[in-house]
1. Among the DSSP beta bridges whose two residues both lie in the chain, what percent are antiparallel, rounded to the nearest 5?
2. Taking the Cα of Arg406, stepping 7 Å toward and past its beta carbon, and measuring to each backbone N in region 368-386: which are under 15 Å?
3. Quick query: amide H of Gln239 versus all other amide H atoms, modeled in the peptide plane; which residues come in under 5 Å with a sequence gap of 5 or more or a different chain?
4. How do Thr493, Thr392 stack up against each other in accessible area, from largest to smallest, with a 1.4 angstrom probe?
5. When the Cα centres of region 339-384 and region 242-260 are compared, how far apart do they sit, in Å?
6. Once you charge only the Cβ atoms, +1 for Lys and Arg and -1 for Asp and Glu, what is the size of the charge dipole of region 477-594 about its Cα centre, to the nearest 20 debye?
7. Return the long-range amide H neighbours of Leu412 (sequence gap of 5 or more, or a different chain), with a cut-off of under 5 Å between placed amide H atoms.
8. Choose one of Leu48, Val110, Leu65: the residue whose Cα lies farthest towards the positive end of the charge dipole of region 42-125 (beta-carbon charges +1 Lys, Arg; -1 Asp, Glu; about the Cα centre).
Amino acid sequence: GVAFTRNPSNGDKEIYGEYLLNAQGEDVVAGIRTPLYLSKQARVNAGLEELSLEEEMPQSYGELLNVFDTLEGHFRDMQDVEFTIEQGRLFVLQTRNGKRAVKAGLKIAVALSQEGLITPDEAVMRIDPMALEQLLHPTLDPRIQSKELTRGLPASPGAASGAVVFSPDRAEAQAAQGEDVVLLRMETSPEDIHGMYAAKAILTSRGGMTSHAAVVARGLGRPCVSGAGAIQIDYAARQATIGKAVLREGDIITVYGTSGRVLKGRAPTLEPELTGDFGALMEWADAHRGLAVRANAETPAEAEKARRFGAQGIGLVRTEHMFFDAKRIFDMRCLILASEASHRDAALARLQPEQQADFAALFDIMSGLPVTIRLLDPPLHEFLPKLSDDWTDLSAALGVSEDALRTRIISLEETNPMLGHRGSRLAVTTPEIYEMQLRAIFGAMKDQKGEPAQVEIMFPLVMDAGELGYLCELANKLAADMQAADGHAPSFTLGSMIEVPRAALLADELAAHAEFFSFGTNDLTQTTMGLSRDDAGQYLSRYVEKGFLPNDPFVSIDETGVGALVELAVTKARRARPDIKLGICGEHGGDPKSIDFCQRLGLNYVSCSPYRVPIARLAAAQAAIRQRS
């Protein structure tokens, strides 16, 4: 026979295995004959008449139970055992640690600790942090076979089915009617946010593991497959081709972000179950952690999810995502394209209360915890209308012709906008935008109910100490003006993202103004390595295959290059300001290898998407245990 000392599917402490009479060991697993159950209960549950080993050879069965206890006690783990019984005598042929499902592995680790066979530390170290993703998202039912259409990158875990749609507007409209939809795009951008919120899953033909689609999907907890290059999309015809197959709008597909597979039709899924074992393991992990774990979140739903998963605050509020619903994007466009101050001021006046309500909701949810708000970061072109859009209402609101509007939009075009007029550079040229956001933050702090959140205001894409000093002065002056006007004195700290090499090199000078740094390692990787996170997936795998790079640098931090800059910045910043708070808020904040690097550097916190918070908590505990040992 072949047996596991515990059930490898669910982790229950029960004999799990099979035997054959008049057979050799390999016959049991070869599939030549139908094996029989070991225990009477398993036989009864299966509705079989053939006797179990427990009934056929009760004495040998009892000896086998004792052997299993001995083996588990010695190896301190579930065992996969091969045995034979010859003329009533039991022989153990071999034993090894048994393979198990993730959920079973979690239950077994906790049970072994509670039984005194291993310590809680050992239980924490036995679980692969990334495997927890299977416990946090729906998974495909392994009993069902579905036709695979194509594969891409496993950008965001989970499984979901729905009707294919090719535009975010259509996704939103059909979802509002109660239909499950899958948003299929070449790539996504911030203006697609409303469709991404509405979709059950996201599929792109371009982009890597840290593309816009991947990052946003992970934050939303949506399954996402990115970089499925075999898909050719025709937006006008509202269809896509995959080889000879044609995928039309309305066709049902299933996106399995855990493995990167795209399946035809609706595949059944299994919902996650976060049991008491999960809570016990997380409690043990938290007892060891030095690194705090925060979440990247900008909606109340994301913030609440983050708290349920154990986040200790918000490490990144991406304020640009708050501007992309239909009403706000219109006001944002009026703000950017206005040629008269009155139109710009009117747009700002409409946006400020919306932002203030957003921030107040986050502060209430994160009562007493830190909330790091990144002021507007992306280039302005991401907010501008396309040539195919209807500009009638916009030109009327601004009192200019559509031709004049087109001229203004063309004048704002940039050759390389991601390295252009974005981030804190916007505040230098158009301070009104950051002033509006700061007033909204201060107003939200005044409006907040309950224990005040610890508000941290972060300036993005900073590259010079003079620039940062100017921005800090702007924030402090507005806070002073507010206190003078109504007596409310906002309490906050000021800091910056480190996401360009020059900022890392001048960290000591920046630290004269910043009370905290958050390393935006998505952009820092791009600017240091000269790679586009949206396009590099096409060739980075070759670099990993050939050994030029140990792994995709957008998945696990490039320690020798990007990591060296981070380490230099940490050293210089702490030399200039010993009490400076240091964290990381790029996607690396949820990657176990990168978290280990952050532990070794002595950072204060990591921040990641809400669904990766448990992964980061466990990885941070393991990193701390490894460092101590």
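The values are calculated or read from the model by the stated rules, or taken from the named source; none is laboratory data. Because the structure is predicted, anything quoted here is derived from the model rather than measured. When we count neighbours, we look across all protein chains shown, and the Cβ atoms used for this are built from the backbone with ideal geometry, even at glycine. The accessibility values were calculated without ligands, DNA or RNA, using every heavy atom of the protein model including side chains. Shrake-Rupley method; radii C 1.70, N 1.55, O 1.52, S 1.80 Å.
1. On the way: 41 of 79 bridges.
Of the beta bridges lying entirely in the chain, close to 50 percent run antiparallel.
2. Taking a point 7 Å out along Cα→Cβ of Arg406, the residues of region 368-386 whose backbone N falls under 15 Å are 385-386.
3. Asp234
4. Working: Thr493 45, Thr392 70 Å².
In descending accessible area the options line up as Thr392, Thr493.
5. Answer, in whole Å: 37.
6. In debye, rounded to 20, region 477-594 gives about 320.
7. Long-range HN contacts for Leu412: none found.
8. Val110
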